[in-house]
């Protein structure tokens with residue numbers, strides 16, 4: 001996983017509440033057996049005027065001009081500013097894969113759905129929860145200022161605005177450690193293999209029915 | 001465990017504590033996973049990750065796989081197996097699951113095995129998910145299995161790989177929420193109406209950060225199928241985990257299933273399972289109470305499951321909301337759904353009907369729907385009404401009871417098992433602008449097809465809507 005330390009990036013808006021993962025990446029693209037290549041279909045139904053299909057040349061499709069990511073001012077955006085309950089619905093990790101593939105490394109919102117929030121950290125994306133009023137301020141500042149950028153300092157746990165305001169945010173210590181160092185969870189968990197084996201052997205005694213072989 | 005001062009525990013506290021491998025200094029915990037269910041959509045990248053890292057599954061028999069999201073439901077296409085799937089990308093994905101399961105030695109109920117079906121129908125049906133287990137799957141509707149008194153939740157693909165490789169997940173404990181439904185349900189009101197009413201009350205993010213236990217007299221009287229319907233939609237209220245305490249209904253359901261323990265092992269298991277309920281003095285961080293008698297048949301009108309009304313309701317106006325986010329959400333939903341503020345729910349005309357999904361495709365759901373359409377005909381304005389059983393075994397049982405004939409005579413289509421039009425990854429989908437009465441779980445924009453308009457309802461309400469051609473109060477029909 002790529003590491004995340006400090007990011008200074010253009011901010012783009014996703015200005016509606018309850019953005020679900022079907023909206024982030026529609027189901028027809030979930031048929032891929034790869035982890036990459038979802039970026040061109042991020043927010044597909046909002047971004048294009050026609051229905052997208054896997055394997056289609058997206059550069060030939062009609063764009064929805066009112067969708068922010070199609071506007072010149074938001075090109076190259078790396079930070080997505082969003083509203084309440086971002087990422088609700090399906091557990092598809094294709095949602096953070098699509099965000100990451102497009103170029104986003106950070107999503108700021110007043111709240112996130114649990115599974116999506118968790119999936120972000122596994123893919124080098126930092127989801128930041130800020131108070132709704134603060135997010136509203138950032139929306140206003142971003143709309144007022146073309147090319148609006150924010151600096152995200154993960155080690156210091158701050159969002160720094162162009163005006164120099166430093167906004168602190170919370171992040172789980174373990175997740176921060178993994179993001180900053182680009183660590184793979186599995187390798188870390190396997191360091192505890194002896195504990196897992198010890199737990200398992202106890203379980204075999206107390207709940208042997210959990211270890212019955214499958215009936216093929 | 002003899003501490004006299006020990007505070008009462010919730011069901012979730014007990015399940016959590018029983019699976020704790022270790023707590024780390026940073027506040028995270030390593031939780032052991034008893035059962036991992038696998039399907040074709042969220043697993044290929046996880047298996048690829050294992051291969052790239054040279055890892056193998058930690059405990060291969062903890063995994064059980066079946067293809068469900070992509071499989072065609074038309075008998076002709078289905079009869080040819082994987083290689084006959086017309087959509088090439090779907091075919092590759094289903095074939096990849098077969099190849100991965102065979103490479104890693106994972107038990108799979110493949111496309112035309114009678115035990116194949118929607119993973120959340122198959123697990124309980126086989127006794128592969130049991131009370132007291134931790135159950136995960138790369139699918140947000142995994143909370144379904146919590147109906148058995150299990151700790152079950154959806155995970156992403158990185159976690160699928162993590163569970164395959166380590167049999168554990170890195171977790172943080174959620175808060176406890178009790179949703180209690182007191183009293184009794186009126187006739188014609190079902191588990192689906194209860195869970196939609198709950199989501200209407202707490203909102204689509206109301207359960208975020210919580211594990212929800214569903215309790216109260218109404219839940220206690222529900223069948224296992226009904227409890228699964230309720231736990232299934234916990235995620236639509238924001239909670240990853242939904243659960244119901246173990247009781248005689250649970251044990252009767254589990255007893256005798258292929259993967260369930262038997263003989264002396266059964267007795268031993270039951271002794272433990274009987275403890276799987278919240279203590280009388282358990283403390284919940286939040287409690288929500290509904291009265292069963294107040295719940296009417298529910299219909300969603302908008303593009304989020306919380307946008308729900310009783311059948312006698314009228315479509316709201318953006319002006320009904322003071323919160324600007326809710327107001328603009330309502331405006332956008334009305335536009336997408338092609339509805340007008342003030343319109344009666346019963347005036348919404350349907351183009352299609354879908355009876356199926358991990359929420360409502362079990363035998364009891366099909367019986368309820370069949371009882372409504374028996375001897376009647378699908379309305380002329382309904383282009384297609386699909387009935388998609390949740391598994392091969394549900395299909396077989398329904399056919400043994402003659403339900404298939406009732407549906408077919410009424411003009412509904414009887415299909416092969418799978419997720420089908422719940423998320424339209426196969427050929428079953430809505431056209432743009434079409435209204436669908438659907439027994440599934442999500443009414444998001446485009447969920448059932450590009451531009452499609454989904455209304456979530458119970459199987460009985462969907463069946464009645466199929467016959468009437470618009471929404472009707474099923475209580476008038478029984």
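Here are some notes:
- Among the residues making up region B:319-346, those that are surrounded by fewer than 18 Cβ atoms within 10 Å (Cβ to Cβ) and away from chain A (no Cβ under 14 Å) are B:319, B:320, B:322, B:338, B:340, B:341, B:342, B:343, B:344, B:346.
- Output for region A:103-134, where each listed residue is part of a helix (DSSP H, G or I) and under 11 Å from the mean Cα position of the chain (by Cα): A:115, A:116, A:117, A:118, A:119, A:120, A:121
- The combined condition, being more than 9 Å from chain B (Cβ to nearest Cβ) and out of contact with any helix residue (DSSP H, G or I) (no Cβ under 7 Å at 6 or more places or on another chain), is not fulfilled by residue A:118.
- Only strands (runs of 3 or more DSSP E) whose full extent lies in region B:380-478 are considered here, and the ones with at least 2 residues that are touching a strand residue (DSSP E or B) at 6+ places or on another chain (Cβ under 6 Å) and within 14 Å of another protein chain (Cβ to nearest Cβ) are B:453-456.
- Exactly one residue among B:364, B:409 is over 19 Å from residue B:72 (Cβ atoms), surrounded by fewer than 24 Cβ atoms within 10 Å (Cβ to Cβ) and over 22 Å from the mean Cα position of the chain (by Cα), and that residue is B:409.
- Among the residues of region B:124-154, those that are within 30 Å of residue B:295 (Cβ to Cβ) and either out of contact with any strand residue (DSSP E or B) (no Cβ under 9 Å at 6 or more places or on another chain) or part of a strand (DSSP E or B) (or both) comprise B:124, B:131, B:135, B:137, B:151, B:152, B:153, B:154.
- Any hit, region A:60-68, residues being assigned to a loop (DSSP other than H, G, I, E, B), closer than 22 Å to residue A:138 by Cα and without any contact (Cβ under 8 Å) to a residue 40 or more places away in the chain: yes
- Qualifying positions in region A:81-91 - under 28 Å from residue B:137 (Cβ atoms) and either more than 11 Å from the chain's Cα centre (by Cα) or not in a loop (DSSP other than H, G, I, E, B) (or both): A:82, A:84, A:85, A:86, A:88, A:89, A:90, A:91
- Filtered residues of region B:332-356 (kept if within 20 Å of residue B:467 (Cβ to Cβ) and in a loop (DSSP other than H, G, I, E, B)): B:348, B:350, B:351, B:356
- Any hit, region B:432-439, residues being under 19 Å from residue B:192 (Cα atoms) and at pLDDT below 95: no
- Of the residues screened, residue A:128 is not one that is without any contact (Cβ under 8 Å) to a residue 60 or more places away in the chain, crowded, with 19+ Cβ neighbours inside 10 Å and facing chain B (nearest Cβ under 8 Å).
- Test: residue in region A:155-172 that is facing chain B (nearest Cβ under 9 Å) and under 20 Å from the mean Cα position of the chain (by Cα): yes
- The single condition from (1) within 14 Å of another protein chain (Cβ to nearest Cβ); (2) surrounded by fewer than 24 Cβ atoms within 10 Å (Cβ to Cβ); (3) on the phi > 0 side of the Ramachandran plot that residue B:183 fails is (1).
- Applying the condition of being in a loop (DSSP other than H, G, I, E, B) and more than 25 Å from residue A:154 (Cα to Cα) to region A:18-34 and asking which residue is nearest to the other protein chains (Cβ to nearest Cβ) yields A:33.
The values are calculated or read from the model by the stated rules, or taken from the named source; none is laboratory data. The model shown is predicted, which means the values in this text are computed figures rather than measured ones. All Cβ positions, glycine included, derive from the backbone under ideal geometry; neighbour counts span all protein chains shown.
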